[in-house]
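Quick notes on the structure that follows.
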Amino acid sequence: MRTDAAQKFFSIEPDRSRLLSELWDRQLSDRYITDEVIQQLAGKYNVSEIEIEGVVTFYHFFHRKPAGKHTIYINNSIVAELKGYQRIREAFEQETGARIGYTDPSGTFGLFETPCIGLSDQEPAALIDFYPFTNLNALKIKDIIRKLKEGKTAAEICDAPDDHIRFLPANQHTLFFAPYVRGVAVNKLKDFNSEGIIEQLRISELAGRGGAFFPTWKKWESCRKENSPDKFIICNADEGEPGTFKDRVLLNNQPGSVLEGMIIAAFAVGADYGVIYLRGEYRWLKKKLEEEIEHFYAEGLLGKNVAGIDGFNIDIRLEIGAGAYVCGEETALLESMEGKRGEPRTKWFYPVQKGYLQLPTVVNNVETFVAVARLIQVGSFEYQKRGIPGSNGTKLISISGDCNKPGIYEIEWGMTVAELLDHCEAIDPFYIQVSGPSGEVISIKEKYRRISMLDLLAQKDIRCGGSFMIFNSKRDIVNILMNFSEFFKHESCGVCTPCRAGNFIIQRKLERLKNGLADSSDVLELKSWGQILRTTSRCGLGRTSTNSIIQALEKFEDYFAQRFLSSSTGYRKFDEHHAVEEYERYKP
Amino acid sequence: MALCTFWIDGKEYRAEEGTNLIDAAKENGVFIPSLCYFKHIDPPLGTCRTCTCRIDGRYDPACTAYVCEGLKIEVNTPELLDMRKALVEMMFAEGNHFCPACEKSGNCNLQHMGYELGISVTRFPHLFKDHLIDYQPKRMVMEHNRCIKCKRCIEEVFTYDNKKVFTAINRGNDTMIGIDYEQEAKLTDEQAVNAMTICPTGAIIVRGKSMAKPFGDRSFDMVSAQKQFKRPILDKPNRVNFEKKVIATVSLAGCFGCHMSLLDIDDEILDVAELVSFNKSPLTDIKSFTQRCHLGLVEGGCCNTENIETLKKFREMCDILVVMGECAVWGGLPAMRNTIPLAECLEEAYLNCVTSETGETTVPYHEDLPKILDRIYACNEIVKVDYTIPGCPPSATHIWKVVKSLLWGEDYSLLYSEFKYD
Ligand SMILES: Cc1cc2nc3c(=O)[nH]c(=O)nc-3n(C[C@H](O)[C@H](O)[C@H](O)COP(=O)(O)O)c2cc1C
Ligand code: SF4
Ligand code: SF4
Ligand code: SF4
Ligand code: FES
């Protein structure tokens, strides 16, 4: 496999766009970013060293201290927690002799935590040297570490994560997983002009699958109208929302469809360049994607005069993220591609106007591109046979947590929560986290709600972005919320006050709940503070980071009311024993 | 450019189309709080969010908006007023701001915004995170405890060869402003002072350049940016039916400064003596309560178990509990130790200090001594507090205005110059 920086960049890209790739190469070869590298790069890009430092320290897969000959990342998401995170963490610590956050004394193993690595259907899981290891247990870990010590590489001994495609719609209605033949969708382009493609999308009412459900045709249409010789198509494969792994399965199972979707987009808007922004956690998919890209070039599906269409040129390359959930936010993603910190832009231009390098850019989710490829392949008439009126097509849902069959479910829009829970054999479902921590909380009482795109405000039907995390009635809700809050505190880009400081403050408050020091006034405060983050944050991360808390407090009112009574005395609960514990050590 | 008409809270205003909303509002006499906004920086930073308004129905910062024909903006709804206040409170909770010990006090935009928004206490728990004070730069000291990550310095301070001196480093809650030592050393005196000046807080201090000005002459001592700092007094106070009330006072982990201030009202003290009698108080030397009191005034937070006991007694014996001064409100100066583990503080003070001989000293511990708490706790972490008066110390007039208002319902208006944190 070639190194990241050795790949062909587009001629219009400035050097600075290579920064992340160069850092990746150095991280992988030296196991950390040394002072010398920082100096070198600062010299090369003619910027101050601190500027490079700022980029390096933004991404948690770049280390400023040696991260071990083998770098191990254990996933600490809530699903991992349910499935035995604690046990495997201990096993890793014992076998490697490293503590979380450090390397062992010999520098062989570095042990770190990382948020969801997109393997919630096979937790506990970890990445070792960016290769996946799934369904871990103490014995397996012992074996892995032994082999690594014997000189095997992680690439040789890693697992090949199962796709776990558990359910396809009846009547051969599957769109995503119908057999794939390379080039079929792209070759249909000959029958259309760019407006025609966009019209197909409009008729089918295809909406973005990255969470916001923005009508794809509108996005493409505005980009098409931009008068610019250079435009970009970017596939957002940064799937960072904990509990979501549908894009992983698509990239693994349908890499060709992803590329075809991008090529169709390029045709529709008049773009010459495409980039797949792949999250660092999915580096192990890099080889597969690169090979697929090569096949495409070989078969004339990428490059010049694609599919025999005169003057239709499109090149696609890969960009690899380096551990930052916020880079899934489209403007942060663009910043990151430009070799900067992944801080969301202030929003007065949409990417379709001024995106990557200030050029018109379409950013779509992996699933959106695959849906486009399949839609063009089968035609809008056939496409519309799936789903319910006003919500056409099918949707991929990643299911994990307390159920017998975690994995990918392709449902037709319109299925109820109850049916889906049945299919996955949910065990005593009680609390369901839909679309990840930034999504929606639903209680089992709402199991008859439908899953569709119909309801903009999601009052009646649920708009599912792509995941269900199921929790049974024994699970501690405060614990779930604490895990989410830790995630947002860590993943906030740090630019704006409410999200950077607010999520830390919220976490402190949740700690009070957890430690039994809260009463009903604390619960009320949590809700009102959550609202502040929701309204004042710059980007979607901060604006959604307290969704779960607010909704959980509303939907599980009894649960919280029982545990956090209002206090009638003038005293607050206070743990005096804890407060004097440190001083008691001086008792003679 | 052409004039356009826009609407703030239902009222019609005019400004040149494309003017930044904050400036357009200001030209028209409408105050929108702001911190990171700095006229020369384009595009505006939009980091602090203290200017959040409702612009055409969406919650967005005013500093990143530009007026255009027909634009509708909500600025002073109760919700927005509270939200903006909360954001500034969040900054005080996130950093460690000890205004009385800060070079920038009186010239600090953050502090000033605290006054303007009438923040008497932050609703959020103080995070007391241990931030670095960086003495390594040649010319500057970076006081990270005070930085609000507004990014002004990042976008404004460059060397002559156009290199950045400041950049954000790390991510999430660990985000801080990194300074490039090599580039910093290349700044001219003037550039360095400029960095200190554009910083809205006291985070950038240039060695040997004092900001000191006499109290009263500093940028934000006297006049508010708002036409009405506080609502005006509606009616003349009615002093006929004043019933004499009983007050108790105490100093917990404080310095008695608030008590000193309490007495600093010149001849009004005679007035007060007619209106109130003091029960348990250092002023009377009555050690324990002899009766229920109408109002308790507490100075200082809780640093030991005895403070906690006393405070609880106050809560029990007083109808209204008022805490005065920064120490009582959130910990204040004694809370400087909150970012340092207790053991380190005690051992530095009793075992490792220059005057103690090795092996000769111990950390005091005796059953008759109160036990030291792991950190300073604000009064409202221990008991429910009814009212808070900020200041270090609060001015005497501020304290007495509050007391009179609470005991006899006397309406009052607080002057901007009386509402101070230092
Ligand atoms: C914090 C945050 C994280 C996001 N992460 C992703 C992601 O991992 N993948 C994705 O496709 N979209 C993500 N999005 C949504 C993107 O900003 C963008 O809306 C999406 O890529 C557009 O594609 P679509 O129209 O096909 O849905 C994220 C948004 C936010 C605010
Ligand atoms: S909301 Fe959070 S992630 Fe988004 S810009 Fe603000 S700090 Fe960054
Ligand atoms: S004066 Fe300003 S910077 Fe200094 S401590 Fe007070 S609020 Fe913070
Ligand atoms: S140092 Fe000052 S100017 Fe720079 S980000 Fe911090 S508060 Fe803003
Ligand atoms: S002044 Fe508008 S966000 Fe800071």
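Classification of chain B by its C-alpha gyration tensor yields an oblate form. The axis ratio a/c (a ≥ b ≥ c) is 1.5 or more, and b/c is at least a/b. For the pair segment A:122-185 / segment A:259-307, the C-alpha centres are spaced 23 Å from each other.
Considering only B:PRO125, B:ALA203, B:CYS108, and ranking their Cα positions along the charge dipole of segment B:101-206 that arises from unit charges at the beta-carbon of Lys, Arg, Asp and Glu, the one farthest toward the positive end is B:PRO125.
Its residues counted as N, segment A:129-261 yields a C-alpha radius of gyration over 2.2 N^0.38 Å of 1.44.
The dipole here belongs to chain A: it is taken about the Cα centre, uses +1 on the Cβ of Lys and Arg and -1 on the Cβ of Asp and Glu, and is about 480 debye.
Where in segment B:171-206 does the amide nitrogen come within less than 19 Å of the point 7 Å from the Cα of B:ALA101, taken along Cα to Cβ? From segment B:171-206, the list is B:201-206. For the residue pairs A:LYS44/A:LYS354; A:LYS65/A:LYS286; A:LYS514/B:LYS312; B:LYS163/B:LYS186, the C-alpha atoms sit more than 19 angstrom apart in A:LYS44/A:LYS354; A:LYS65/A:LYS286; A:LYS514/B:LYS312. Cα centroid distance between segment B:50-94 and segment B:365-420, in Å? Spelled out, the Cα-based centre of one part sits 30 Å from the other. Among B:ARG152, B:ARG139, a tally of other beta-carbon atoms within 10 Å of each Cβ gives an order, fewest to most, of B:ARG139, B:ARG152. Remark on chain A: A:CYS116, A:CYS158, A:CYS223, A:CYS235, A:CYS327, A:CYS464, A:CYS493, A:CYS496, A:CYS499, A:CYS539 stand apart, with no other cysteine beta carbon under 4.7 Å.
Cross-link partners of B:LYS11 among aspartates and glutamates, defined as those whose alpha carbon lies under 13 angstrom from its own and excluding same-chain residues fewer than eight positions apart: B:GLU74.
In order along segment A:3-8, phi translates into HN-Hα couplings of 6, 4, 6, 7, 5, 7 Hz, rounded to whole numbers, per the Karplus curve 6.51 cos²θ - 1.76 cosθ + 1.60 with θ = phi - 60° and x for Gly and Pro. Projecting the Cα atoms of A:PHE430, A:VAL372, A:GLY339 onto the dipole axis of segment A:318-445, where Lys and Arg carry +1 and Asp and Glu carry -1 at the beta carbon, places A:GLY339 farthest toward the positive end. Remark: mean inter-chain Cβ contacts per residue of B:382-393 equal 2, using a 10 Å Cβ-Cβ cutoff to other protein chain atoms. Among residues other than A:GLN254 with Cβ under 12 Å from its Cβ, the summed charge is -1 (Lys and Arg +1, Asp and Glu -1). Taking 17 Å as the straight-line reach from the Cα of B:LYS371, the aspartates and glutamates in range (excluding those fewer than 8 positions away in the same chain) are A:ASP575, A:GLU576, A:GLU581, A:GLU582, A:GLU584, B:GLU306, B:GLU309, B:GLU344, B:GLU347. From the Cα gyration tensor of segment A:324-369, with a ≥ b ≥ c the square roots of its eigenvalues, which class applies: rounded if a/c is under 1.5, or else prolate if a/b is larger than b/c, or else oblate? It comes out oblate by the Cα gyration axes.
Computed from backbone phi with θ = phi - 60° and the Karplus coefficients 6.51, -1.76 and 1.60, the 3J(HN,Hα) list for segment A:173-187 is 7, 5, 9, 6, 10, 5, x, 9, 10, 4, x, 4, 5, 4, 5 Hz; x is used for glycine and proline.
In segment A:477-561, inverting the average of 1/r over every pair of distinct C-alpha atoms gives 12.5 Å as the Kirkwood radius.
Could you work out the Rg to Rh ratio of the protein assembly as shown, with Rh taken as the Kirkwood radius (inverse of the mean 1/r over all Cα pairs)? Radius of gyration over Kirkwood radius for the protein assembly as shown works out to 0.99. Name the shape class, rounded, prolate or oblate, that the alpha-carbon gyration tensor gives for segment A:54-148, where a ≥ b ≥ c are the square roots of its eigenvalues, rounded holds for a/c under 1.5, and otherwise prolate holds if a/b is larger than b/c and oblate otherwise. Oblate, since a/c reaches 1.5 and b/c is not below a/b.
Under a Gaussian network description of chain B, with springs only between Cα atoms under 10 Å, the residue in B:TYR37, B:TYR160, B:TYR412 that fluctuates furthest is B:TYR160. Local charge for A:HIS173 was computed over the other residues whose Cβ lies under 14 Å away, with Lys and Arg +1 and Asp and Glu -1, and equals +1. At a threshold of 8 angstrom on Cα-Cα distance, excluding pairs fewer than six apart, so keeping six or more, what relative contact order does segment A:219-285 reach in percent? Rounded, it is 51 percent for segment A:219-285.
Amide H to amide H distances under 5 Å link A:THR71 with A:GLY110, A:ASP129, where only residues 5 or more positions off or on other chains count and H is placed in the peptide plane. In a simple Cβ point-charge model (Lys, Arg +1; Asp, Glu -1; nothing else charged), the protein assembly as shown has a dipole of about 1280 debye relative to its Cα centre. From the alpha carbon centroid of segment B:242-294 to that of segment A:194-254 is 70 Å.
Contact order, relative form, for segment A:477-561: 30 percent (alpha carbon pairs under 8 Å, 6 or more residues apart, mean separation divided by residue count).
By the count of neighbouring beta-carbon atoms within 10 Å, fewest first, B:VAL272, B:VAL157, A:VAL523 end up ordered B:VAL272, A:VAL523, B:VAL157. Comparing B:GLU357, B:GLU299, B:GLU103 in a Gaussian network model of chain B (Cα springs below 10 Å), the most mobile by mean-square fluctuation is B:GLU357. Based on Cα atoms of chain A, Rg over Rh with Rh as the Kirkwood radius reads 0.97.
Of the beta bridges in chain B, as assigned by DSSP with both residues counted there, near 60 percent are antiparallel. Based on Cα contacts under 8 Å between residues 6+ apart, segment A:387-472 shows a relative contact order of 35 percent.
Segment A:70-205: percent of C-alpha pairs farther apart than 18 Å? The calculated P(r) of segment A:70-205 puts 64 percent of pairs beyond 18 Å. Of all lysines in the structure, the ones whose alpha carbon falls short of 23 Å from that of A:LYS405, not counting any fewer than 8 places away in one chain, are A:LYS83, A:LYS140, A:LYS246, A:LYS395, A:LYS445, A:LYS447, A:LYS474. Between the residues B:ALA253, B:ALA168, B:GLN136, the greatest Cα displacement towards the positive end of the dipole of segment B:105-262, with unit charges on the Cβ of Lys, Arg, Asp and Glu, is found for B:ALA253. Helices that extend 15 Å or more along their long axis by alpha-carbon positions and average at least -0.5 on the Kyte-Doolittle scale are, among the DSSP H runs of chain B, B:78-94, B:396-408. Relative to the compact-globule estimate of 2.2 N^0.38 Å, the Cα radius of gyration of segment B:3-76 comes out at 0.97. Counting other Cβ atoms within 10 Å as a rough exposure proxy, the listed residues A:HIS295, B:HIS40 run B:HIS40, A:HIS295 from fewest neighbours to most. Rounded to the nearest 20, the size of the Cβ-charge dipole of segment A:70-157 about its Cα centre is 200 debye, with Lys and Arg at +1 and Asp and Glu at -1.
Readers should treat all values here as calculations from the given coordinates under stated rules, not as data from a laboratory. Everything numeric in this text was worked out from a predicted model, so none of it was measured. Here Cβ is always computed from backbone atoms with ideal geometry, including for glycine, and neighbour counts include all displayed protein chains.
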